[in-house]
Amino acid sequence: MNILLDSNLLIYLARDSRQQFLKDYILPTQKDTYVSIVSIAEVKGIASRQKWGTKKQFMRITG
């Protein structure tokens, strides 16, 4: 089964400084993880409006 991350999960991950959710639930599954281009645009818009710092604005999900 593949994983599709929605905007609300991306925002949660950006706010989770220890990235515990990512470590506990997403990475251990070793499944393909996808992010919609629409979700990326939504998170970038929210980051810009909320004036998030560079750490949150440039959060990367790599695999």
Picked from segment 27-39 (must be surrounded by 11 or more Cβ atoms within 10 Å (Cβ to Cβ) and not hydroxyl-bearing (S, T, Y)), the residue farthest from W52 (Cα to Cα) is K31
For segment 1-26, pairs from a residue that is exposed (fewer than 13 other Cβ atoms within 10 Å of the Cβ) to a residue that is in a loop (DSSP other than H, G, I, E, B) and at pLDDT below 85, with Cβ under 7 Å and 6 or more apart or across chains, are M1/K31; N2/K31; N2/D32
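The values are calculated or read from the model by the stated rules, or taken from the named source; none is laboratory data. Being a predicted model, the structure only gives us computed values, none of them experimental. Because the Cβ atoms are built from the backbone with ideal geometry, glycine has one as well, and the counts that use them run over all protein chains shown.
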